[in-house]
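Visitor: Once you've had a glance at the structure underneath, I'll fire off some questions.
The values are calculated or read from the model by the stated rules, or taken from the named source; none is laboratory data. Quick caveat: nothing in here was measured; it's all calculated off a predicted structure. Glycine also receives a Cβ, built like all others from the backbone with ideal geometry; neighbour counts cover every protein chain displayed. Ligands, DNA and RNA are excluded from the accessible area calculation, which covers all protein heavy atoms including side chains. Shrake-Rupley method; radii C 1.70, N 1.55, O 1.52, S 1.80 Å.
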Amino acid sequence: MQVVHLVDVSRLLLPIKGQPVDVESIRLAASLVRHNQGHVYALYVIKVPREYPIDADFPDEIQKGEAVLGDVEEQFRSLKCEVTAEFLQAREVGPAVIKESQERGIDLVLLGMPYRRRHGRFSLGDVVPYILEHAPCPVLVLRERMKENPGLAAISL
């Protein structure tokens, strides 16, 4: 994959969820920062329901996050790219990503997202629009490839 560098990226924030799209997101992130010998910050956010304290213990989620981030670190090592992989607990994912991007002086947020349909229509969900609206830096969204072509026959050009 050849990437045209329109933005100098030394510090890239990559929110990670343990989804198939993460593989392509990791490759793209490595390609974007390698140009400047930059650094990737991989972030796994555990969303804490309001009925629990923010520091509540969620052993299953923590175990999943550690496994996902361990895999992410291994993939970046194989791509010879510097990465810091962390997880945090937050009420909402979007504001947590924005706060991290501000605190770390991030040059680019890379969002890998699955192809989702909600109520028969393509959906960005709630997190991606929030980050697009509030990020202090450029945001790049990498949507995974469609597995099927729902409704393609209904489109007329």
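Visitor: Over 26 Å between Cα atoms, which of 80/147; 17/147; 47/99; 99/147 qualify?
Guide: Table pairs above 26 Å Cα-Cα are 80/147; 99/147.
Visitor: Determine the distance separating the Cα centre of the range 42-56 from the Cα centre of the range 58-110; give it in Å without decimals.
Guide: 14 Å
Visitor: Ignoring ligands, DNA and RNA, what percent of the accessible area of the chain is carbon or sulfur (1.4 Å)?
Guide: In the chain, the share of accessible area belonging to carbon and sulfur is 51 percent.
Visitor: Per the helix-only calculation at 222 nm, which mean residue ellipticity applies to the chain, given -39500 (n - 2.57) for every DSSP H run of n ≥ 4 and division by its residues, nearest 500 deg cm²/dmol?
Guide: About -10500 deg cm²/dmol.
Visitor: Same structure again: Run the 1.4 Å probe and let me know the accessible area of residue 126, rounded to the nearest 10 Å².
Guide: 120 Å²
Visitor: For residue 140, list long-range residues whose amide hydrogen, built 1.01 Å from N in the peptide plane, is under 5 Å from its own amide hydrogen.
Guide: 109, 110, 111
Visitor: When every alpha-carbon pair in the chain is counted, what percent end up more than 29 Å apart?
Guide: 20 percent
Visitor: Then there's this: So how strong a dipole does the range 1-136 carry about its Cα centre when Lys and Arg Cβ are +1 and Asp and Glu Cβ are -1, to the nearest 20 debye?
Guide: The dipole of the range 1-136 has a size of about 560 debye.
Visitor: Gain in length, residue 36 to residue 133, computed as 0.36 nm per residue apart minus the alpha-carbon separation, to one decimal in nm?
Guide: So the chain would gain 32.3 nm between residue 36 and residue 133.
Visitor: I would also like to ask the following. Considering only DSSP beta bridges where both residues belong to the range 1-130, give the percentage that are antiparallel (nearest 5).
Guide: Of those bridges, close to 10 percent are antiparallel.
Visitor: Return the FRET efficiency for the residue pair residue 118, residue 24: r is the Cβ-Cβ distance, R0 is 25 Å, and the value is rounded to the nearest 0.05.
Guide: E between residue 118 and residue 24, to the nearest 0.05, is 0.65.
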